[in-house]
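Quick notes on the structure that follows.
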Protein chains: 2
Amino acid sequence: MTLMSDRANPNGVDVETLFATIDAVQGDPEIAKFQFRASNRWVSGTHSQSRIHGFHGAKQELTHAEPWAFDADHPAVLVGKDAAPTPVEFLLHALAACLTAGIANIAAARGVNLAEVTSTVEGDIDLLGILGLDEEVRNGYRQIRVSFVLRGDDPDKLRQVVEQSRSRSAVFDVLTNGVPVSIDVDAG
Amino acid sequence: MTLMSDRANPNGVDVETLFATIDAVQGDPEIAKFQFRASNRWVSGTHSQSRIHGFHGAKQELTHAEPWAFDADHPAVLVGKDAAPTPVEFLLHALAACLTAGIANIAAARGVNLAEVTSTVEGDIDLLGILGLDEEVRNGYRQIRVSFVLRGDDPDKLRQVVEQSRSRSAVFDVLTNGVPVSIDVDAG
């Protein structure tokens, strides 16, 4: 029974459900329309907290298992209280996590064995931009570098899995291609 | 003494230090070159964990007050275990937190009083893209909407503060304009 279970869930991925999900979406594309949400409240100074709980998908309102809360702040060197990572560091977490989830799913679907996946992500940013001191310098990261270490199957297969994950990553797409962002303000 | 302290720290922002930082950077632009980092480890399935601790800035290696860890996962409807928010939800947290930190700093620098800042962020994503079922559909968010509610000073002043925060936000820049991302793989 354990072996059966391992075969059905390589790398901890439920491949049967994964393929069933793809079949279901092919039969009804409305299932694939998702909306994710976060609500944020300013605490003090550069410190704020976001809550992540409800989302829409598969034609229904859904909630995560629990309502999660995440803080963000600036470190002392950037005139904050260092109560949490900076907002831009959460972008690096999102990128690593999205690519890694894809690697696990794709490896499982292809029968590629994964023993270990680790990564480091670095983002270079010149604060002359956000400080308004040089109009030639952008506000955000100039460059982001991801370094993966994968152990398990044949190196070529592992590299192909990473490439396929990159080509289907939601966060990689958003970070490299950008997305329209609208901002509405109720002030008073 | 309390009043003096309140004047020096409107909205919890240490304006004196903020302006001193800008002066220091003007005297030596190398201070403004920062590098942020995250390291990630795959747990199982779509679940991974990132650690955020060290960073480079102000011409030195620095660390946050503590090493933070953040998980990410997919919900059950997306074939995960729902151990944490999805990677794309962390993008929404980063955006809200970055804009809100800017609002607090800019309001303090302008002497604009803030009583309350809350926001909700919604991101629309059609999973036909990442599932590889429609080549016309992108992998990432199609659109992100931020809705702010600000209370405190004159509504026009509050709206101007939000607009200035948008124009100097690192995360808004990255999400709307994109950034080059390189991926290196050590497989074996």
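The values are calculated or read from the model by the stated rules, or taken from the named source; none is laboratory data. These numbers were taken from a predicted model, which means no experiment stands behind them. No Cβ is skipped: glycine too gets one built from the backbone with ideal geometry, and neighbour counts run over all protein chains shown. SASA here: full protein model, heavy atoms, side chains in, ligands and nucleic acids out. Shrake-Rupley method; radii C 1.70, N 1.55, O 1.52, S 1.80 Å.
Annotation for the A:B interface, with buried accessible surface near 11200 Å², both sides summed [1.4 Å probe; non-protein components not counted]. What's the extension gain from A:R151 to A:Q35 if we count 0.36 nm per residue and subtract their Cα-Cα distance? Net length gain for the segment: 38.3 nm. Each copy carries a label point for B:Q35 at 7 Å from Cα toward Cβ; from one copy, the others' points are 4.1 nm away, ordered from shortest.
Approximating the spin labels as points 7 Å out from Cα along Cα→Cβ, the B:E116-to-B:E66 distance works out to 3.0 nm.
What is the percent carbon and sulfur in the accessible area of the stretch A:69-188, measuring with a 1.4 Å probe over the protein chains and ignoring ligands? Don't jump to the answer; show the numbers that get you there.
On the way: 1850 of 4130 Å².
Accessible surface attributable to carbon and sulfur in the stretch A:69-188 totals 45 percent.
Entry note, chain B: the mean residue ellipticity at 222 nm calculated from DSSP H runs of n ≥ 4, each adding -39500 (n - 2.57), is -11000 deg cm²/dmol after division by the residues and rounding to the nearest 500.
Considering Cα pairs under 8 angstrom that are at least six residues apart, work out the relative contact order of chain B and quote it in whole percent.
Details: 252 pairs, mean separation 28.5, N = 188.
Over chain B, the number comes to 15 percent.
Under a 5 Å amide H cut-off, with hydrogens placed 1.01 Å from N, A:F55 pairs with A:L62, A:T63, A:H64 among residues at least 5 apart or on other chains. Springs between Cα atoms under 10 Å define the GNM used for chain B, and in it the highest mean-square fluctuation of B:I144, B:I106, B:I130 occurs at B:I130. Put simply, when A:13-25, B:92-104 are sorted by average Cβ atoms within 10 angstrom per residue, most first, you get B:92-104, A:13-25. In this structure, the amide hydrogen of A:Q143, modeled 1.01 Å from its nitrogen in the peptide plane, lies closer than 5 angstrom to those of A:D124, counting only residues at least 5 positions away or on a different chain. Could you compute the net charge surrounding A:Y141? Neighbours are other residues with a C-beta less than 9 Å from the C-beta of A:Y141; K and R count +1, D and E count -1. Result for the local shell: 0. Couplings for the stretch B:120-137, taken from phi via the Karplus curve 6.51 cos²θ - 1.76 cosθ + 1.60 with θ = phi - 60°, read 10, 10, 10, x, 9, 9, 9, 6, 4, x, 5, 7, x, 9, 8, 5, 7, 9 Hz in order; Gly and Pro are left as x.
Across the identical copies, the 7 Å label point of B:E136, projected outward along Cα→Cβ, sits 4.4 nm from its counterparts, in ascending order. Among chain A residues, the beta-carbon with the smallest distance to the axis carrying A onto B is reported, with distance in whole Å, as A:G178, 2. Show me the trypsin sites (Lys or Arg not before Pro) within the stretch B:49-146 that DSSP assigns to loop and that have at most 11 other Cβ atoms within 10 Å of their Cβ. Those satisfying the criteria are B:K59.
Remark: label point of B:D184 defined 7 Å out from Cα along the Cα-Cβ vector; separations to the same position in other copies 4.5 nm, ascending.
Lys and Arg at +1, Asp and Glu at -1: add these up for the other residues within a Cβ distance under 13 Å of A:W68 and post the number. Working shown, then result.
Working: positive: A:R37, A:R51; negative: A:E66, A:D71, B:D71, B:D73, B:D82, B:E89.
Spelling it out: positives minus negatives among the neighbours equals -4.
Screening chain B for DSSP H helices whose Cα atoms reach 27 Å or more along their own axis and whose mean Kyte hydropathy is at least -1.0 gives B:87-110. In this model, which of B:K59/B:K157; A:K59/B:K81; A:K59/A:K157; A:K81/B:K33 are farther than 27 Å apart at the alpha-carbon? Result: B:K59/B:K157; A:K59/A:K157 exceed 27 Å. Placing a pseudo-label 7 Å from each Cα along the Cα-to-Cβ vector at A:V77 and B:R159 gives an inter-label distance of 3.9 nm. In order along the stretch B:62-77, the Karplus-derived 3J(HN,Hα) couplings, from 6.51 cos²θ - 1.76 cosθ + 1.60 at θ = phi - 60°, round to 10, 9, 5, 3, 8, x, 8, 10, 9, 8, 8, 7, 9, x, 4, 5 Hz, and Gly and Pro are given as x.
Averaged per residue, what accessible surface does chain B expose to a 1.4 Å probe, in Å²?
On the way: 7950 Å² over 188 residues.
Here the residues of chain B average 42 Å² of exposed surface.
How well do other chains shield peptide A:107-119, expressed as the mean number of their Cβ atoms within 10 Å of each residue Cβ?
Working: counts 0, 2, 0, 0, 0, 0, 0, 2, 1, 2, 5, 6, 11.
That works out to 2 on average.
Look at where the Cα atoms of the stretch B:31-85 and of the stretch B:148-168 average out, and the two centres are 30 Å apart. Max-minus-min Cα coordinates of the stretch B:88-188 on each principal axis give 55, 29, 20 Å, with the largest extent listed first. Pairs of alpha carbons in chain A separated by more than 31 Å make up 32% of all such pairs.
When the inverse distances between all different Cα atoms of the protein assembly as shown are averaged and flipped, the Kirkwood radius reads 21.2 angstrom. Comparing the full protein assembly with the isolated chain (1.4 Å probe, heavy atoms, ligands and nucleic acids excluded), the residues of the stretch B:153-177 losing at least 20 square angstrom of accessible area are B:P155, B:R159, B:V162, B:R168, B:A170, B:V171, B:F172, B:D173, B:V174, B:L175, B:T176.
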